[in-house]
Amino acid sequence: MRATGNEGSLAQAVIRRFNLLRPLSEEAVAALEQAILEGLFRAGPGEDLVVEGDPVDSVRVVLSGWLFRHKTLEDGRRQIVNIILPGETCDAYAYLLPAIDHSITTATPVAYAEIKRSRFEKLMASDRTLAEAFLCETALNNAIQREWTINLGRRAALEKVAHLFCEIYERLRPVGLVDGNSCGFPVTQMDLADATGLSVVHLNRTIQELRAAGLITLRDRMLTIPDLDALKSAALFSPGYLQLYRKG
């Protein structure tokens, strides 16, 4: 559904995040904001933005809300392979492939922008800082994906869940979506199970362990982390792969 009304402020999560990836020129900020405003859409929870096998002809940038990147087996079992958060892109450069190899589904109400391929390529050619920011975001997404592979393959259940909580908190912080030691967390236990490769029963037991240890509070779609360092220690979490700031 195309969004209506003045929603320019929604672009701030994108601008803030991309400025951390690569400081953007004033011209780049203005051009990106304009492209976002020209392609605003909204979707409700549980809607597919793209389905595995679909051709892609645009770049989708998330302005608000959460989405799941996932694959589904023929028997219906689903694996969430990443969570897409405000300020992040869904599928930069996916248009270079004949079809997308996964599905993207909204977890909450979402506002997003679609930038058509021709417009996106003109943006990239017009400003080096913007082109570098999108390339850095792609590299960052690859780093996140590698960490999720380690999470699924090597970490114990408590480490998996604690690591996911740490990562989401750290990814929301740069775009101003944390409040002290709390952040929104509109994810069901079924979704968490699909993201960590655990059964719902095992996932529930693991969350209770984290609560009993005083490491998290999870209530009313809000995650509170009383002691982030303690949670990171329990998760064996090292934030280097999330580094957003330019070095050198």
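In table form, for the structure just shown:
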| item | result |
| --- | --- |
| Matching label, Rg and Dmax of the Cα atoms in Å computed from the structure shown, candidates [x] 17.0, 52; [y] 18.0, 53; [z] 20.9, 64 | [y] |
| Sequence of D91, D220 from largest to smallest accessible area, 1.4 Å probe | D220, D91 |
| Residues whose placed amide H lies under 5 Å from that of V81, excluding near-sequence neighbours | R69, H70, K71 |
| Pairwise label distance in nanometres, E47 with A213, each label 7 Å out on the Cα-Cβ vector | 3.9 nm |
| Theoretical gain in end-to-end length, Q79 to R173 [0.36 nm per residue, Cα-Cα removed] | 31.3 nm |
| CD proxy at 222 nm, helix term only [per DSSP H run n ≥ 4: -39500 (n - 2.57); per residue of the chain; nearest 500] | -13500 deg cm²/dmol |
| Amide hydrogen neighbours beyond the local backbone of V50, cut-off 5 Å, H modeled | I104 |
| Calculated from backbone phi, Karplus (6.51, -1.76, 1.60) coupling profile of region 14-28 in Hz, x at Gly/Pro | 5, 4, 4, 5, 5, 5, 7, 5, 8, x, 8, 6, 4, 5, 5 |
| Chain lengthening between L228 and Y241 when straightened (0.36 nm per residue, less Cα-Cα) | 3.0 nm |
| Separation between Cα centres of region 135-151 and region 177-248, rounded to whole Å | 18 Å |
| Sequence ranges 18-24, 233-239, ranked by mean other-Cβ count within 10 angstrom, highest first | 18-24, 233-239 |
| Per-peptide average of other Cβ atoms within 10 Å, ordering 170-177, 120-127 highest first | 170-177, 120-127 |
| Accessible heavy-atom area order of H102, H163, H202, highest first, probe of 1.4 Å | H202, H102, H163 |
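The values are calculated or read from the model by the stated rules, or taken from the named source; none is laboratory data. Since the structure is predicted, the reported quantities are computational estimates derived from the model, not experimental observations. Glycine gets a Cβ as well: all are built from the backbone with ideal geometry, and neighbour counts include every protein chain shown. With ligands, DNA and RNA removed, areas are computed over all heavy atoms of the protein, side chains included. Shrake-Rupley method; radii C 1.70, N 1.55, O 1.52, S 1.80 Å.
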